[in-house]
Amino acid sequence: MPSPSSRHDAFAVCTPGLEQLLEGELRRLGIRGRVGTGGVAFRATTRELYAANLWSRVATRVVVRAARFEARSFAELERAARRVDWASWLGPGTRPVFRVSSRSSRLYHTGAIGQRLGAVAEHVTGHAPSGDATSEQLFVVRVRRDAFTISVDSSGEALHRRGWRLATAKAPLRETLAAAMLLATGWQPDRPLVDPFCGSGTIPIEAALLGTGRPPGADRAFAFQRWPSFAPGTWASVLASASRAEREAAKRCGTLVIVGRDRDAGAIEAATANAERAGVAHHLDLQRASISELQPPASTPGWILTNPPYGKRIASGGDLRDLYARLGQVARTLFAGWSIGLLVTDRRLAAQAAVPFEERIRSSNGALAVSLLTGELRTPG
Ligand SMILES: C[S@@+](CC[C@H](N)C(=O)[O-])C[C@H]1O[C@@H](n2cnc3c(N)ncnc32)[C@H](O)[C@@H]1O
């Protein structure tokens, strides 16, 4: 069983397109990672593994390599699986769940691979059959040319589920992507931030969490807390450092100016409820208003950061091109000197805003391909 001083071969998974931002986050935690497709690989102490889960705003989950072996038959698979340290990850009452992918390999029936591994894990740990389990532990199994890699998920529910977004409006943005927008633009908490299409408040709330130095995972649990190898002292120390860091950030951050607007009353209600659950409602100014009523909240220039409606037409039946043109006009005339960042699915639509944009991120929000475009709103003359 690994001890608190063990080293783990870890991989922080993210939505493709966010790898560099994730690497930067890990670096700020003192962790040196190697960027790969869809994530960042790193050697972690137990403390670093816990800290990455607590602090990463961009990662979807963090997995740890549990075993690596070759198997060309089920007999070989079972023999190798008996040597895996299942008892470190599976306590009584936890059922193993296997997410298997197999390519170019003799064993290709992913369901059967998962079943055999599950049977061996139950036999080795001596725990009751899976039917009596009250929780699940995910194992990610990758088979390539007969080589098996088994990774254990240390996060549990995906990390974008921070615990505060219970109310959603239309087309909500993943929390991890909202955080990525903030990190990619380099927004600083001493600058105002305006989201004119805030929906359920994801961008303003993530900004407030970032600005106040609050760990994104402060209000949730993680799979590693149920592992028999869990080190409670190490976790308590990670939480204590987080509280200290948050107190320090609170001293530095002063008054945040973070504004969310949406023309839909239900969206503002959802955003307010979410902000209250996240403990940041007092930092936010959330009000119902349409884009035509938008005003700068401060004389210091900051960021308009938003994801405007997607699709072809808006609910009122108007053309989305008009909405983007209106956004551009309001931004150029009233927000001169500010910067603007739009998360969009359609660059031609964004061109209606008539702002010279550059693409900062290409990623996805659920099944939709998205780009973060940023630009400067020049002062006239
Ligand atoms: C893609 S959603 C934003 C989702 C949001 N980022 C979230 O995480 O929930 C776009 C939002 O724009 C709002 N909207 C549409 N037309 C608007 C207008 N003319 N003025 C202000 N808000 C508008 C919609 O009500 C919707 O909530």
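The values are calculated or read from the model by the stated rules, or taken from the named source; none is laboratory data. Remember, predicted model here, so these are calculated numbers, not experimental data. Neighbour counts run over all protein chains shown; Cβ positions are idealised from the backbone, glycine included. For accessibility, only protein heavy atoms count, side chains too; no ligands or nucleic acids. Shrake-Rupley method; radii C 1.70, N 1.55, O 1.52, S 1.80 Å.
Ignoring ligands, DNA and RNA, what percent of the 1.4 Å accessible area of the range 230-381 is carbon and sulfur? Could you put the intermediate results ahead of the total?
Values: 3830 of 7760 Å².
About 49 percent, which is the carbon plus sulfur part of the accessible surface.
Could you work out the relative contact order of the range 7-153? I mean the mean sequence separation of Cα pairs under 8 Å and 6+ apart, divided by the number of residues, in percent.
Numbers: 287 pairs, mean separation 36.0, N = 147.
Relative CO of the range 7-153 lands at 25 percent.
I'd like to check one number: the per residue accessible area of the range 7-153, probe 1.4 Å, reported in Å² as a whole number.
47
Of all trypsin sites (Lys or Arg not before Pro) in the range 46-87, which ones are in loop regions per DSSP and have a Cβ with at most 16 other Cβ atoms within 10 Å?
Answer by residue number: Arg72, Arg82, Arg83.
Counting Lys and Arg as +1 and Asp and Glu as -1, each charge on the Cβ, what is the dipole of the range 42-189 about the Cα centre in debye, to the nearest 20?
520
Roughly to the nearest percent, how much of the accessible area of the range 1-111 is carbon and sulfur, given a 1.4 Å probe?
Numbers: 2620 of 5470 Å².
Ligands and nucleic acids excluded, carbon and sulfur reach 48 percent.
Which value, in Å² and to the nearest 10, is the accessible area of Trp55 when all protein chains are kept and the probe is 1.4 Å?
My reading of the accessible area for Trp55 is about 50 Å².
Got a sec? Charge dipole of the chain, +1 on Cβ for Lys and Arg, -1 for Asp and Glu; which of Val280, Val370, Leu334 is way out at the positive end?
My answer, from the dipole projection, is Val370.
Of the GluC sites (Glu not before Pro) in the range 139-242, which ones lie in a loop per DSSP and count no more than 16 other C-beta atoms within 10 Å?
Numbers: sites: Glu157, Glu175, Glu206; in loops: Glu157.
Answer in residue order: Glu157.
Where both residues lie in the range 7-153, what percent of DSSP beta bridges are antiparallel, nearest 5?
Expressed as a percentage, antiparallel bridges in the range 7-153 total about 75.
Compute the acute angle (0 to 90°) between the alpha-carbon long axis of helix 19-28 and the principal axis of greatest extent of the alpha-carbon atoms of the chain; round to the nearest 10°.
The helix 19-28 is inclined about 80 degrees to the chain.
Using only alpha carbon positions, build the gyration tensor of the range 146-186, then give the equivalent ellipsoid semi-axes as the square roots of 5 times its eigenvalues, largest first, whole angstrom. Walk me through the intermediate numbers first.
Working: eigenvalues 157, 52, 20 Å².
Its equivalent ellipsoid spans semi-axes of 28, 16, 10 Å.
Whole Å is fine, so just give me how far the alpha carbon centre of the range 46-78 lies from that of the range 195-260.
Taking the Cα centre of the range 195-260 as reference, the centre of the range 46-78 is 24 Å away.
Quick check on the range 7-153: what are the equivalent-ellipsoid semi-axes from the Cα gyration tensor, as sqrt(5λ), descending, whole Å?
They are 28, 18, 12 Å, listed from largest to smallest.
Relative to the longest principal axis of the C-alpha atoms of the chain, give the angle of the C-alpha long axis of helix 46-55, reported between 0 and 90° and rounded to the nearest 10°.
30
Which of rounded, prolate, oblate describes the range 172-252, given a ≥ b ≥ c as roots of the alpha-carbon gyration tensor eigenvalues and a/c under 1.5 marking rounded, otherwise prolate only if a/b is larger than b/c? Walk me through the intermediate numbers first.
Numbers: a/c = 3.16, a/b = 1.65, b/c = 1.92.
Cα axes put the range 172-252 in the oblate bin.
Compute the acute angle (0 to 90°) between the alpha-carbon long axis of helix 175-185 and the principal axis of greatest extent of the alpha-carbon atoms of the chain; round to the nearest 10°.
60
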